[in-house]
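Take a look at the structure below.
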Amino acid sequence: MKNSNTPKLTIVGAGPGDVELITLKAIKALKSADVVLYDALVNEELLQYAADAEIIFVGKRFGCHAYSQDQINELIVSMAKRFGHVVRLKGGDPFVFGRGSEEIEYAQKFDLETAIVPGISSALGVPASNGISLTQRRVAESFWVITGTTSEHKLSKDMALASQSSATVVILMGMNKLDEIVSIYQNNRTDDLPVAIIQNGTKDTQKKIIGTVSSITKLVEEHQLSSPAIIVIGEVVRNASKLTTYFQDEFSEEEFIFQNLNFTI
């Protein structure tokens, strides 16, 4: 393992999952790393760019943490002071529910040099890769990106506000709150509002279902979708330029077209 001597932290966004959606600047940072601390949602193929670095998994899944956030903060500082350049590799963009700002602030308290490499957030990249335009003329003038689970393990209060608007709503980390989300929309909007759920977006293992507020919970159960997944709610889902391929193996072409046009199963 090399040692660059200067204690430094670079927070790097790894993108939504497809290895080709990482930036050139991110690859450059990985190649210069002495230590890489990577999260659960990072595609491990990206670690090949840090062949000379010490690689440490610090990922968190629902109910299971390899390290607590406080331990990660301390590890960043100790590794930087011992080895030099620490790359903190995070899925998506590190400043979109990635706690990147917290880690930067902690590192700066110990006089570490810091840098940030943005990444493509799954909130943007996953819908786009599936033909869902978050904004669209005469359909949606804005969009919300909301966490489905706050630090208190509750649904964000912003969900109620968002559900009352005509904006597209993208929910990250929301699968465990799907019933609650559906209930809010049923109270504030219409049952036939389109909903897309995309699991493992942009990866070869991606699954996608399209339904409505009234049907999506049943679809998730039938097709066994789970985290990590994003939820997209809004009229733009109805106008997606690419229909899901998930159902194509299960239905005839006629059934496939009919069900996607009506967003029911």
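The values are calculated or read from the model by the stated rules, or taken from the named source; none is laboratory data. Here the structure is a predicted model, which is why all the values come from computation and not from measurement. With ideal geometry, Cβ positions are generated from the backbone for all residues, glycine too; neighbour counts draw on all protein chains shown. For the accessible areas, the whole protein counts, side chains as well, though only heavy atoms, and no ligand, DNA or RNA atoms are used. Shrake-Rupley method; radii C 1.70, N 1.55, O 1.52, S 1.80 Å.
Taking the Cα centre as origin and putting +1 on Lys and Arg beta-carbons and -1 on Asp and Glu beta-carbons, what dipole magnitude results for the chain, to the nearest 20 debye? Provide the component values of the computation, followed by the final result.
Working: 25 positive and 32 negative charges, 143 e Å.
Dipole size: approximately 680 debye.
Over the range 8-120, what is the relative contact order in whole percent, taking alpha-carbon pairs under 8 Å and six or more residues apart? Mind dumping the intermediate values first?
Working: 227 pairs, mean separation 48.8, N = 113.
Relative CO of the range 8-120 lands at 43 percent.
Can you give the calculated 222 nm mean residue ellipticity of the chain, where each DSSP H run of n ≥ 4 adds -39,500 (n - 2.57) and the sum is split over every residue, rounded to the nearest 500 deg cm²/dmol?
Helices in the chain give a 222 nm mean residue ellipticity of -8000 deg cm²/dmol.
Would you please name the trypsin sites (Lys or Arg not before Pro) within the range 79-159 that are DSSP coil residues with at most 16 other C-beta atoms within 10 Å of their C-beta? Walk me through the intermediate numbers first.
Working: sites: Lys81, Arg82, Arg88, Lys90, Arg99, Lys109, Arg137, Arg138, Lys154, Lys157; in loops: Arg99, Arg137, Arg138, Lys154, Lys157.
Sites meeting the loop and neighbour criteria: Arg137, Arg138, Lys154, Lys157.
Pairs Lys25/Lys109; Lys28/Lys207; Lys8/Lys81: which exceed 20 Å Cα-Cα?
Details: Lys25/Lys109 25 Å; Lys28/Lys207 31 Å; Lys8/Lys81 8 Å.
Those over the limit are Lys25/Lys109; Lys28/Lys207.
If ligands, DNA and RNA are left out, what is the accessible area of Ile11 with a 1.4 Å probe, given in Å² to the nearest 10?
Probe radius 1.4 Å; accessible area of Ile11 about 0 Å².
Could you work out what % of the accessible surface of the range 8-120 is carbon and sulfur, using a 1.4 angstrom probe and leaving DNA, RNA and ligands out of the count? Don't jump to the answer; show the numbers that get you there.
Numbers: 2760 of 5440 Å².
It is 51 percent, rounded to a whole number.
For the chain, what is one quarter of the convex hull surface built on the Cα atoms, given in nm²? Walk me through the numbers before you get to the answer.
Details: hull surface 57.6 nm².
Mean projected area of the Cα convex hull: 14.4 nm².
Along the charge dipole of the chain, pointing to its positive end and built from +1/-1 on Cβ of Lys, Arg, Asp and Glu, which listed residue (Gly15, Ile171, Val232) has its Cα farthest out?
Gly15
By accessible area of protein heavy atoms, probe 1.4 Å, what ranking do His153, His85 get, highest first?
The ranking, largest first, comes out as His153, His85.
Report, to the nearest whole %, how much of the accessible area of the range 123-248 belongs to carbon and sulfur atoms, 1.4 Å probe, protein only. Don't jump to the answer; show the numbers that get you there.
Values: 2720 of 6020 Å².
Answer for the range 123-248 is 45 percent, counting heavy atoms of protein chains only.
At 1.4 Å probe size, what's the solvent-accessible area of Ser122? Round to the nearest 10 Å².
Near enough 30 Å² of accessible area.
Taking a probe of 1.4 Å, how large is the accessible area per residue of the chain, in Å²? Provide the component values of the computation, followed by the final result.
Details: 13390 Å² over 265 residues.
Per-residue accessible area for the chain comes out at 51 Å².
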